[in-house]
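The values are calculated or read from the model by the stated rules, or taken from the named source; none is laboratory data. Only a predicted model underlies this, so the values are computations on that prediction, with no experimental measurement involved. As a convention, Cβ positions derive from the backbone with ideal geometry for all residues, glycine included, and neighbour counts pool all protein chains shown.
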Amino acid sequence: MKKIKATSFTVFAGFLFSSVALATSGRRGESLNNTLLILSISLGILAVIFLILTVLLNKKLKKSTIEVIDYKKRIKQIYDHSPDSIFMIDRDGKILSANLCMSRFVKVKKADLVSQEKTIYDFIPLAYKKEMANNVQLMLAGKIETCETSMISTDGAILPVEMIASRLRKNKQKVLQIRARDITQRRKAEEKVDETKQLVKEAEALALKSTRAKDDFFANMSHEIRTPLNGILGMTQLLSDTKLSEDQKECINTIMYSTNNLLKTINHVLEISKIESGQIKLEPAPLDLHRFSDKIFFKFQEEAEENGLEFNCSCKDDVPAFVKADVNYLEQVVTNLLANAFKFTKEGSVHFNIDCKKIQSSQAEIHFQIIDTGIGIEKAQQAKLFEKFAQADTSSTREYGGTGLGLSICKELTEIMGSEIKVISSPGQGSTFYFTLQLPLAEAPTKSESTTLSATTIRPDAKILLVEDNLVNQKVCVALLEKAGVNIDTAENGKVAIMMIRRNPDYDVILMDCQMPIMDGFETTAQLRSMRGGVAKTPIIALTAHALADDKQKCLDAGMDDYLSKPVNRKSLITLVNKYVGE
């Protein structure tokens with residue numbers, strides 16, 4: 001209103017000035033009068049324009065003021081009706097303001113929260129007050145912006161909240177505006193996630209326990225079967241050295257054949273167990289594939305001649321002299337595939353071929369192929385050929401036996417080596433199994449100067465101690481070694497062995513069973529290694545029916561020098577003993 005009055009006065013003054021000018025026009029010069037008249041009229045017009053602008057500006061100002069008031073109302077509504085509790089506190093935790101959500105939760109009127117000088121600590125459970133006071137100071141210092149705690153209302157209801165703080169200034173003092181968000185649902189979700197994780201953890205533990213139970217079962221089964229097998233094979237080997245009639249020789253051969261087939265089945269079951277439990281670890285080493293091919297040929301030559309089959313092994317000239325591969329698992333795959341080929345081929349031929357597809361950089365692509373002229377495989381049967389326990393002929397009248405594990409093991413081992421076995425076959429047209437491996441090129445290994453060890457005799461003055469609780473296995477081992485020309489002492493358990501070694505510490509080698517009553521082979525080895533003098537360095541060879549993947553490593557880790565699994569092959573036993581006693 002003051003601006004309008006001032007404007008009106010200006011207009012009035014302008015018109016007054018114009019009137020005065022007109023009135024004095026006669027007394028002053030015409031030119032001056034005209035100039036004043038024009039000036040007066042201009043001032044009047046300017047005053048009118050100024051008045052109009054002022055009115056318009058006032059209207060706009062009034063509108064803006066209304067909008068600001070509306071905006072503040074909306075902000076207040078948002079503040080009050082926020083689903084989160086919002087409040088302002090000073091450095092002592094005193095509540096300076098709060099919204100409706102805060103008021104409703106703590107069951108205290110908004111006005112009372114401020115007028116009664118409530119603090120945030122009045123609404124924090126006792127167990128969290130000290131932590132909250134520390135968090136407030138950290139928030140004021142700008143070191144943290146969020147924290148999780150719990151709030152309690154006047155009726156005792158407790159709510160988990162996440163607090164998000166903003167630092168502000170009020171009356172030149174640092175204050176905090178805090179948004180407290182209910183995280184009940186999030187906590188429930190987190191609890192469900194934790195429960196799920198716990199269930200998964202329990203399931204994994206159960207699966208691990210189940211796997212261990214299965215491994216223990218296979219280990220015990222292996223031990224219980226291999227122990228009597230050792231007696232059967234050992235005695236059969238000894239019996240085969242005696243003077244026998246043709247009928248008796250035939251009986252011995254049948255026993256040997258049946259026992260070896262049983263041992264092969266046990267080994268297949270154990271191999272599947274090792275693969276499923278992830279115990280297979282490749283150990284690549286320089287390998288001469290040409291000599292490997294020759295070794296395979298001599299391994300199956302006798303069987304081929306007995307069955308009247310043509311058999312040859314070919315390693316092409318373009319195959320590199322040496323590559324890096326795990327010879328044990330490669331030989332197992334090739335041996336299983338060839339054994340299958342001979343099994344299903346009654347006439348014709350079996351061929352094993354190795355050739356090099358290409359050499360790139362320091363790696364060779366080596367192709368392995370087993371071809372037979374056997375019975376062949378139906379197309380429908382080929383899809384399940386590599387499944388565990390699957391066989392092409394599952395009828396009760398099937399001609400060919402077996403567990404159906406051999407090809408499954410080949411498939412698993414080949415995949416571990418980074419390849420895949422494939423088959424081409426037709427009924428009556430034979431079969432071709434093949435796979436390709438990417439093998440790094442290798443340098444020829446340095447030749448050792450070690451002499452070839454005898455597999456038939458042992459140095460007569462060698463002193464050997466056998467620690468074995470099974471009487472049959474004792475008889476077998478003693479007979480095999482005595483036949484090789486050496487005397488042997490026996491101990492039925494580790495405790496007896498320790499006493500014998502203390503009386504006679506000059507044994508050249510100790511053959512140690514692992515599973516024995518009173519004191520097992522592992523504890524016995526530990527005590528021997530802790531003794532003073534040369535006895536602590538006496539070579540110990542594990543002679544055990546435990547034949548799982550990590551059993552050999554367990555024996556070596558326990559301090560034993562070498563390992564031989566039962567049933568014991570005479571040549572292997574004598575060769576290994578000679579490795580430590582010399583010839």
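A few notes on this one:
- All of 310, 305 fail the test of being more than 21 Å from residue 285 (Cα to Cα), in contact (Cβ under 8 Å) with a residue 12 or more places away in the chain, in contact with a strand residue (DSSP E or B) (Cβ under 9 Å, 6 or more places away or on another chain) and not polar (S, T, N, Q), apart from 310.
- Index of the failed condition, residue 283 passing every other in (1) within 29 Å of the chain's Cα centre (by Cα); (2) modelled with pLDDT under 75; (3) closer than 26 Å to residue 573 by Cα: (2)
- All positions within region 555-583 that are out of contact with any Leu (no Cβ under 9 Å at 6 or more places or on another chain), surrounded by fewer than 21 Cβ atoms within 10 Å (Cβ to Cβ) and assigned to a helix (DSSP H, G or I): 556, 557, 571, 580, 581
- Residues of region 526-538 classified as over 34 Å from the mean Cα position of the chain (by Cα) and either within 30 Å of residue 264 (Cα to Cα) or part of a helix (DSSP H, G or I) (or both), total: 7
- Check on residue 140, crowded, with 16+ Cβ neighbours inside 10 Å and closer than 16 Å to residue 87 by Cα: yes
- Scope region 547-558; condition under 21 Å from residue 492 (Cβ atoms) and touching a strand residue (DSSP E or B) at 6+ places or on another chain (Cβ under 7 Å); matching residues: 555
- Exactly one residue out of 305, 331, 310, 347 is surrounded by fewer than 14 Cβ atoms within 10 Å (Cβ to Cβ) and touching a helix residue (DSSP H, G or I) at 6+ places or on another chain (Cβ under 8 Å): that is 310.
- Test result for residue 340, closer than 30 Å to residue 232 by Cα, touching a residue at least 60 places away in the same chain (Cβ under 8 Å) and either touching a Gly at 6+ places or on another chain (Cβ under 8 Å) or of a type in the set (A, V, I, L, M) (or both): yes
- Positions within region 471-484 being closer than 16 Å to residue 460 by Cα and surrounded by fewer than 15 Cβ atoms within 10 Å (Cβ to Cβ), in sequence order: 482
- Of the residues 141, 157, the single one that is within 44 Å of the chain's Cα centre (by Cα) and in the same structural domain as residue 107 (by TED's automatic domain parsing) is 141.
- Scope region 163-185; condition surrounded by fewer than 16 Cβ atoms within 10 Å (Cβ to Cβ) and in contact (Cβ under 8 Å) with a residue 24 or more places away in the chain; matching residues: 167, 168, 170, 173, 174, 184
- In the condition set (1) within 30 Å of residue 352 (Cα to Cα); (2) touching a residue at least 12 places away in the same chain (Cβ under 8 Å), residue 476 is compliant with all but (1).
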